[in-house]
Structures are given as structure tokens and as C-alpha cells.
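The values are calculated or read from the model by the stated rules, or taken from the named source; none is laboratory data. Given the structure is predicted, the values throughout are model-derived calculations rather than measurements. Ideal geometry is used to build each Cβ from the backbone, glycine not excepted, and the neighbour counts take in all protein chains shown.
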């Protein structure tokens with residue numbers, strides 16, 4: 001039987017959760033899936049865990065952290081199956097759910113990407129993600145994040161994007177929207193590259209969907225953590241403001257708008273975009289680390305607009 005699905009993990013020092021992730025994959029039907037592990041320069045036992053539990057996995061190894069986007073692109077370039085599931089190192093899949101996603105993809109050739117329901121691990125049915133929707137400020141927001149599952153996401157839905165942590169893609173669609181031979185934009189390094197990809201799929205005419213089937217458990221910190229999930233104390237908020245994640249998220253938020261939104265869309269949504277940027281500007285006044293990203297962001301905007309027009313070399 002020909003293999004139809006590649007399940008691709010990008011890992012970086014993930015031994016804390018990687019064993020559970022690999023063990024869940026080991027129970028999937030190996031005759032129809034290809035497992036690939038892309039290691040981003042781990043210094044722990046990650047590679048040993050993969051070799052022990054998934055001895056037939058294809059392994060790519062970088063000597064240093066290349067980021068989410070470049071690592072996944074390297075693996076996708078080797079992909080020979082028609083579908084690929086991108087998987088975080090702390091996601092334990094439920095094969096019966098993944099199988100239903102795959103069936104939906106096979107039945108709809110216009111479907112470029114699809115996602116099911118993700119739960120937080122040990123979270124008493126706390127939702128991690130029910131797909132990514134676009135906000136009025138053109139940010140990407142995980143539906144249902146931190147919510148108790150009471151049946152509020154039991155209907156299929158159109159999405160802006162699927163989460164790169166456990167999203168199923170049609171390889172043909174990925175190749176169709178590649179820019180400079182890149183599926184995920186490597187300038188993003190990490191964060192919001194899955195939102196950018198979903199937006200490009202939409203702009204190219206592909207459908208992006210959610211179906212209400214449980215597909216994985218995500219080992220992430222549980223519970224709500226204050227306003228915008230930024231913490232309950234000044235110390236937690238300060239740590240979040242100064243984290244590389246916040247810098248990259250702000251930069252990539254502006255870049256993905258420049259790449260994907262039309263001038264008309266930007267004008268219509270500008271009050272909401274402006275309000276979000278103003279909040280981040282005020283926060284950056286209290287953080288040299290966050291303030292430094294504005295110059296880098298501004299310098300990259302022209303390049304992003306060129307990508308939108310297909311002019312980038």
C-alpha cells in the first residue's frame with residue numbers, strides 16, 4: 001500500500017514531552033504514513049527517543065536552531081506523499097481523529113488545509129485550539145483556547161488557518177502558494193507563520209476548514225493566565241513583554257498584513273490595526289527588547305509587499 005500521509009515533527013530540546021508524542025505516533029498505521037523528525041540542534045536526548053520508539057522515522061538534523069519555518073520547509077521538500085501533518089513535539093495525536101481529517105481531504109480536492117479539535121493534556125476537556133480565525137485587527141486567534149468544551153465547537157467551520165502545531169495540509173496546495181520556494185516564510189523564524197500560510201492559501205483559492213473531531217492532546221500550561229493570557233502578576237507580564245516570542249509575534253503580525261492584505265482591506269480595518277499597534281508601542285516603551293523590533297519590522301515591510309506582488313527575487 002502506498003503511503004499517503006507524512007507526519008512531520010520539528011523538535012528542539014523536547015525530551016520532556018517527545019516520548020509521549022512518539023509513542024502516540026507508534027500506534028498509527030505505519031503502512032500508510034511516513035514519519036519525519038526534523039531536529040533543530042537539540043542538546044538533550046530527543047534524537048535518542050525518536051530512534052528508540054520510531055526506528056523507521058526519517059531524521060533530518062540541524063546543528064543549531066533554524067526556527068519552525070525553515071525546519072518544516074526542509075522536511076516538506078522531501079515529502080512524496082500527497083498530504084502532510086505538521087506536528088509540535090508536545091502533541092499526542094489520536095489516530096482515529098487524524099484519519100477523519102485525511103478522509104475529508106481525500107473527498108474534497110479544493111481543500112488545502114484542515115484541522116480538528118485540540119485539547120490541553122490533563123485539562124479536563126480544556127480546548128487548546130479549534131482552528132485559527134481572523135480578528136478585526138487582522139491578527140490570527142485560536143478559537144476556543146482555554147475554554148471548557150461544552151459542545152460550542154461541534155459544527156464544521158471555515159478557518160483563516162490551521163495551527164502549525166497539528167495541521168493537515170495538501171502538499172499540492174503548499175507548493176501552489178510557495179514564495180521563493182518557501183512554504184512557511186523563513187524570515188518569520190517562528191510564530192504566525194501558520195497564519196501567514198493560511199492567508200496565502202485563501203488568497204490562492206484554497207479552502208481551509210475545521211471539523212469537530214478530537215485529534216490531539218497538547219502538553220501546554222493549563223488554565224487562564226490573566227488579560228490576554230499574559231500573566232497574573234507584574235513580573236509575569238514583564239517577562240512576556242521581554243520575551244523573543246512577543247518580539248517575533250509583533251514583527252510577524254505586521255509582516256503578514258503587508259504580505260497578504262489588500263489596500264482596501266487595510267483601509268477598512270485600519271482603526272483596529274492601529275489600536276493594536278498602539279498598545280504594543282506603549283508596551284515597548286517599557287522594554288528595550290520589544291522596542292528594538294520596530295526598526296527591524298519597518299525595514300522588512302517593503303520586502304513583504306514585494307512578496308505579495310510576486311516580485312521578490
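For the range 40-58, enumerate the residues that are buried (at least 16 other Cβ atoms within 10 Å of the Cβ) and without any contact (Cβ under 8 Å) to a residue 24 or more places away in the chain.
Listed by number, the residues that qualify are 47, 57.
So residue 8 passes all but one of these: (1) part of a helix (DSSP H, G or I); (2) in contact (Cβ under 8 Å) with a residue 24 or more places away in the chain; (3) surrounded by 15 or more Cβ atoms within 10 Å (Cβ to Cβ). Which condition number does it fail?
In the conditions (1) part of a helix (DSSP H, G or I); (2) in contact (Cβ under 8 Å) with a residue 24 or more places away in the chain; (3) surrounded by 15 or more Cβ atoms within 10 Å (Cβ to Cβ), residue 8 misses (1) alone.
The conditions are (1) in a strand (DSSP E or B); (2) in contact with a strand residue (DSSP E or B) (Cβ under 6 Å, 6 or more places away or on another chain); (3) surrounded by 19 or more Cβ atoms within 10 Å (Cβ to Cβ), and residue 173 fails exactly one of them. Which is it?
(1)
On the basis of being surrounded by fewer than 20 Cβ atoms within 10 Å (Cβ to Cβ), more than 19 Å from residue 197 (Cβ to Cβ), out of contact with any strand residue (DSSP E or B) (no Cβ under 8 Å at 6 or more places or on another chain) and in the same structural domain as residue 10 (by TED's automatic domain parsing), does residue 63 make the cut?
yes
Limited to the range 190-237, what total is found for residues that are at pLDDT below 90 and part of a loop (DSSP other than H, G, I, E, B)?
Adding up the residues that qualify gives 12.
Can you tell me which residue among 97, 112, 123, 131 is crowded, with 20+ Cβ neighbours inside 10 Å and out of contact with any helix residue (DSSP H, G or I) (no Cβ under 8 Å at 6 or more places or on another chain)?
From the options 97, 112, 123, 131, the qualifying one is 131.
With (1) within 18 Å of residue 165 (Cβ to Cβ); (2) not in a loop (DSSP other than H, G, I, E, B) as the list, and residue 59 as the residue in question, which single condition is left unmet?
Just one mismatch for residue 59, condition (1).
Is it fair to say residue 240 is in contact with a helix residue (DSSP H, G or I) (Cβ under 9 Å, 6 or more places away or on another chain), without any contact (Cβ under 8 Å) to a residue 12 or more places away in the chain, surrounded by 14 or more Cβ atoms within 10 Å (Cβ to Cβ) and outside the structural domain of residue 204 (by TED's automatic domain parsing)?
yes
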